[in-house]
Amino acid sequence: MQVAVEGPWSPLLGRLTLDAIPYNNPIIVPTFIVAALAGLVAVGAVLYYKKLGYIWREWLCSVDHKKIGVMYIILGLVMLFRGYVDGLMMRTQQAIAIGPDSPGFLGAKHGYLPPFHFDQIYSAHGTIMLIFAATPLLTGLGNIIVPLQIGARDMAFPYLNATSLWLTFAGAALVMISLFVGEFSSATWVGLMPYSEMASNPGVGVDYWMWAIQISSIGTTFNSINIIATIVKMRAPGMTWFKLPVFSWVQLTTAIIGLTAFPILTVALTLLGLDRYLGTHFFTAGMGGNFMLYINLFWIWGHPEVYFLVLPAFGVLSEVVPAFSRKALFGYPTMVAASFSIAGIGWMVWAHHFFTMGMGPDQIGFFSAATMIVGIPTGVKAFNWLFTMYRGRISYETPMLWAMISIVLLLIGGLTGMMLSASVIDYSVHDSVFVVAHFHCMVLVIGAAAFAAVIFWWPKVFGFKLNETLGKWFFWTFIAGSVLVFVPMFMAGLAGETRRLDYVFNTALAPYMLWEEAGVLVYLASVGFFVLMLIVSLWQRVPAGESPWGTERGLEWLTRTPVPFYNFAVTPHVNALDETSWRREAGAALRPTRYVPIHLPHGSGLPFILGMDVFAWGFALTWRIDWLIILTTIAMIAIVFIRSFDRNEGFIIPAEEVEAYEANINTASIFAEQPKRGHGLVGEAH
Amino acid sequence: MHSEKPTLTAKTALWAYEGEEHDFISTRTFGFWLYLLSDALIFAGLFASYAVMDNPMSAFGHPLANGLLSASRGLIQTFIVLGSVFSVSVGSLGLKTGNKGLVLGGLAAGGLLGALFIWFGVSDLQVMAAAGNGPLESGYLACLYALLITHALHMGFGLLWIVAMFVHVARWGLDAMNTARLLCLRMFWQFQASVWVVIYVYVYLFGGAH
């Protein structure tokens, strides 16, 4: 009972034909050439330096939470760049295509992008930035920092952790391959309904979008399970709940959101998939379908997802602001309570995303009021950070600059959010770029906090700091770009510019469009400074020492720098909320004097293989290659079965070896190649 | 919070040399309990969709639950699935005494009853589809089928798991890993039975099936 598809279909390749390769598109072909060259250079370098075995054993097969976190962050940064390029293309289109006399290039009537291509770009921009840039960045940070902050050896389920990573990679790979094979969704990142249905959207774009999100969100659900179990079960002795650092608290609230919200998305996308593949009528316009059901389900996930992203950012600020104010965090218990309030209220506000779609005044009143209430715990947090800075000895290293601008952006994004929560205002500005500017301020809060976190914790993982001078250039160009893009966008929104325009008909908007174009080009400079910062810092590699910032407070800084693959040589007994600064003040030992054997999990290639299999499965579903769908499904079940027979319970590092590592800590860095270790040593640890 | 000046006594513990290993079984079962929470949310999404679609407009000229389902057959299914859970749970008492035969016997009886349950459900759906009320006919029917088939797929996955556990227990006995897995399986099986009870009450009885 499969749905008949438009266009050719063959048993061997499904809907895939040579026409699916956009070899005549003047934008995609050069992109492909650059991407292919970069890929060849990367593969060539790996082969030339004979690092294939190293990468396979130490990275692709790794279950080490820090390596997984680093890979998440690399994925996040690569996708952030891709999302930025999408933004650059959209801004450039709107800067050219203004008014009926505007020129057209490359086959477009106005601007240089035909409407269908433009629609794919904004759909990809939203999907990538939220699901494949912000989420991996923050998940990666949580992966690296949470086990260190709670004094654990690894996550509760290291193998599941690797599986989450490779599922996220599989989703991201589907989005990336849609650039060169076929097309991406043109139905926005939320999936407009019933436009995303087969009747009005018969191409493969929506399928790519749907499977990419579906696969990566299952990875996110698994990761949430892992984070909760890790924090509940794996805390070091002495770490009572109210000695848990705030970043770990927010990771717990975030994971609770992830665990409960993402399954709703899974349902929404599965039902859409049934519509598109089997021809049911969940969300169709007719035969008893109800597209408002999709919109509700999507935003029941979508709004908690927003807090899923912003809460870790708040957690980062709660770590960075005290460190650079040289003071304990102000109002720790209220910070915890506020995190839980935000996570809880996040469940009751979803309908504010569609006030104008036929709600009665009672519902509007409820959701409007619930939305405003979010401002209270958020305000508590903002004031706590300000009071932490008050009378602190603030120093303006780059992480602190990012943290402070993050608070400013929170104020701008939050206040415009309050405006939008009032339904009377929302009725007049809904679907305008005012809304777009509002939520970009909020995601810039996340972006700024993520940069603060990357720079702050970088020396912990790598053993050297990022270049401060270039970091400040990166910071100021980024902020200048943000102001130039989003201040005019707020104004253009109030002037009546609607969202997602491939052609701006009102020539009065031209100055705004040109300012925004200037801003997005300043962003390009900031990308350049970021890359330069990475290259120069990697080149110099100035050892950061055991206390890179001089002001660290949390338990994660009690590990050596760079952090060894076994985390703590001896599990610490926790005495205070800010254990490291407590020990410094009390004059207590920062290093153990005697070592014991360490038990660690073994790596496994199965999560990576599963990820590749799921990628092939998503690709087969998108192109409806029946035999490959069946084959990859069987492979998935087989991999789970094979894994269940893997009784390998890890390996032991003897005490003498730990001592040798501690004496020369760089040999234990997560980048150092480790000897192959045997199996089945469990039992000798006791 | 401003803390007092830290004091260090001879009793202050700084390193945890003992008790580093975490409780393996309770970590596994807790993690699995969290998975069940996410599964509960999947069913919550399906129930919510069903509630939205449970009206004549979405039925699009086709009958609603009272014209499709039989409350007495549903009751039989309920007893079968509860009997299955009872068998698996009684069998799991064998974990306390290390009685492998009791564990496997309970699993076998539970698995057979589970298969009977699935057969009942699938044949009901076949009859419904043959009478012209297939899943493609209306939004309401799509929701009904999605809810029932999602539950049946979970039960089917549980059957695969039971089969796998036979192999595992035969090979490794009731060690810590297998105990954790059997406890998770029991939770899974009980959870699916609870979901069925909610389906029976909400879809069958509230829906006015005779």
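The values are calculated or read from the model by the stated rules, or taken from the named source; none is laboratory data. Everything quoted here is computed from the prediction, not taken from an experiment. Don't worry about glycine lacking a Cβ; one is built from the backbone with ideal geometry, like all the others, and counts go over all protein chains shown.
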Among the residues that make up region B:8-26, is at least one of them in a helix (DSSP H, G or I), in contact with a Cys (Cβ under 9 Å, 6 or more places away or on another chain) and either surrounded by fewer than 19 Cβ atoms within 10 Å (Cβ to Cβ) or modelled with pLDDT of 90 or more (or both)?
no
Members of region A:305-333 found to be among the charged types (D, E, K, R) and either surrounded by fewer than 23 Cβ atoms within 10 Å (Cβ to Cβ) or without any contact (Cβ under 8 Å) to a residue 40 or more places away in the chain (or both), listed by number
A:R326, A:K327
Expected single match for without any contact (Cβ under 8 Å) to a residue 24 or more places away in the chain, farther than 26 Å from A:V29 by Cα and either within 14 Å of chain B (Cβ to nearest Cβ) or touching a helix residue (DSSP H, G or I) at 6+ places or on another chain (Cβ under 9 Å) (or both) among A:D101, A:D64 is A:D101
Just to be sure, is A:T220 surrounded by fewer than 22 Cβ atoms within 10 Å (Cβ to Cβ) and among the hydroxyl-bearing types (S, T, Y)?
no
Looking at B:G45, B:G91, B:G61, can you tell me which residue is small (G, A, S), buried (at least 16 other Cβ atoms within 10 Å of the Cβ) and either within 12 Å of another protein chain (Cβ to nearest Cβ) or in contact (Cβ under 8 Å) with a residue 60 or more places away in the chain (or both)?
B:G45
Residues within region B:121-173 that are within 13 Å of chain A (Cβ to nearest Cβ), of a type in the set (S, T, Y) and either more than 19 Å from B:H62 (Cα to Cα) or assigned to a helix (DSSP H, G or I) (or both), tallied:
3
Can you report the number of residues in region A:558-613 which are within 14 Å of chain B (Cβ to nearest Cβ) and assigned to a strand (DSSP E or B)?
4
A:M176, sole failed condition from (1) at pLDDT below 95; (2) crowded, with 24+ Cβ neighbours inside 10 Å; (3) assigned to a helix (DSSP H, G or I)
(2)
Inspect all residues belonging to region A:287-296 and state whether any of them is more than 8 Å from chain B (Cβ to nearest Cβ), in contact (Cβ under 8 Å) with a residue 12 or more places away in the chain, among the aromatic types (F, W, Y) and closer than 28 Å to A:A351 by Cβ.
yes
Filter result for the condition that a residue is within 13 Å of chain B (Cβ to nearest Cβ) and buried (at least 24 other Cβ atoms within 10 Å of the Cβ), over A:M210, A:M155, A:M234:
A:M155
Filter result for A:S217 (away from chain B (no Cβ under 14 Å), in contact (Cβ under 8 Å) with a residue 12 or more places away in the chain and small (G, A, S))
no
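Matching residues to (1) of a type in the set (F, W, Y); (2) closer than 25 Å to A:Q214 by Cβ:
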position: A:F81; (1), (2): yes, yes
position: A:I96; (1), (2): no, no
position: A:P115; (1), (2): no, no
position: A:T135; (1), (2): no, yes
For the list (1) more than 30 Å from A:E579 (Cα to Cα); (2) in a helix (DSSP H, G or I), I need the number of the one condition that A:N201 fails.
(2)
Listed by first then second residue, the pairs whose first member lies in region B:177-204 and is touching a residue at least 40 places away in the same chain (Cβ under 8 Å), whose partner is crowded, with 21+ Cβ neighbours inside 10 Å and charged (D, E, K, R), with beta carbons under 6 Å and at least 6 positions apart or on separate chains, are B:A180/B:R28
